[in-house]
Amino acid sequence: MIQTFKIQGMHCTSCAMHIDMGLEDVPGVQDARTHFARAITQVTYDPARTNVDQLVAAIAAAGYTAQPTP
Ligand SMILES: [Cu+2]
């Protein structure tokens, strides 16, 4: 499953790396790609092991605000 999030709070490309690292620590996340210039993150995950709320929480723990896009 792939979910895209709009991200608030990024100010440089290392912010994007922090988000990717935080997401990749979540069990069930297969891939996380944060685009600094577009202010989005695309997460590929196993819905049997994690969910959108947990992904938002992981991004919040890294210090950023995430909003899932439809
Ligand atoms: Cu930064």
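The values are calculated or read from the model by the stated rules, or taken from the named source; none is laboratory data. Quick caveat, the model's predicted, so the values are computed rather than measured. Glycine also receives a Cβ, built like all others from the backbone with ideal geometry; neighbour counts cover every protein chain displayed.
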- Message: If a residue must be surrounded by fewer than 20 Cβ atoms within 10 Å (Cβ to Cβ) and closer than 10 Å to residue 7 by Cα, how many such residues does segment 21-55 contain?
- Response: 5
- Search result, residues across segment 1-21 that are under 8 Å from the mean Cα position of the chain (by Cα) and not β-branched (Val, Ile, Thr): 5, 20
- State all residues of segment 1-27 that are touching a Pro at 6+ places or on another chain (Cβ under 8 Å) and either part of a loop (DSSP other than H, G, I, E, B) or modelled with pLDDT under 95 (or both); if no residue qualifies, say none. 1
- Note on the structure: Per the filter on segment 1-33, residues at negative phi and within 11 Å of the ligand (Cβ to nearest atom) are 10, 11, 12, 13, 14, 15, 16, 17, 18, 19
